[in-house]
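Reading through the structure tokens given below for one structure.
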Amino acid sequence: MVQDLTNKAAADIRDEQLRLSPSAYGTEVHQRVKKEIDAKNRKDFLAELSISKTRAAAKALEVEDMEVPHGLKGSIRIDAFENLGNGTICVYDIKTGQRVFEKPRMDEIGATIFENFGPAKHIIMIEIRPWRWGIRASPAQVEGRT
């Protein structure tokens, strides 16, 4: 589902002929995916989730759940998070440029999920990139510049 939402966001940006810098393009894709996920109004499927890295940090901030304001020191943001309810948690990391979903970041997210949500049977982490006509595409391709 996140792949489809990302593809749609990228295609819509292309169709609207928006001329964005690579950074602005990435932000726009993320915002559109968030809007679609939020519209589903599911507590087990969240976008741009900012959570405290530790329970102690959340307690110090007097936060009841682990979700904290975006950009707060000691927190991380997850592009899309889905708790399947069977012990499996999926983390989707949307990439629109050259960067990749690196192992240190995966380790940090895994530790944070474990700290906040307790043991999970499986934590599946997926790098998502916009596709164009069934193939992975660069931001320039998705925007129709090549």
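The values are calculated or read from the model by the stated rules, or taken from the named source; none is laboratory data. Everything quoted here is computed from the prediction, not taken from an experiment. FYI the Cβ positions are ideal-geometry reconstructions off the backbone, even for glycines, and counts take in every protein chain you see.
Sort out which residues of segment 21-30 are assigned to a helix (DSSP H, G or I) and of a type in the set (G, A, S), and write them in order of number.
Those that are assigned to a helix (DSSP H, G or I) and of a type in the set (G, A, S): S23, A24, G26.
Let's see how each residue does on (1) at pLDDT below 90; (2) touching a Phe, Trp or Tyr at 6+ places or on another chain (Cβ under 7 Å); (3) part of a helix (DSSP H, G or I); (4) under 23 Å from I124 (Cβ atoms):
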{"position": "K8", "(1), (2), (3), (4)": "no, no, yes, yes"}
{"position": "R19", "(1), (2), (3), (4)": "yes, no, no, no"}
{"position": "I37", "(1), (2), (3), (4)": "no, yes, yes, yes"}
{"position": "A47", "(1), (2), (3), (4)": "no, no, no, yes"}
{"position": "A58", "(1), (2), (3), (4)": "yes, no, yes, no"}
{"position": "V63", "(1), (2), (3), (4)": "yes, no, no, no"}
{"position": "K73", "(1), (2), (3), (4)": "yes, no, no, no"}
{"position": "R77", "(1), (2), (3), (4)": "no, no, no, yes"}
{"position": "P104", "(1), (2), (3), (4)": "no, no, yes, yes"}
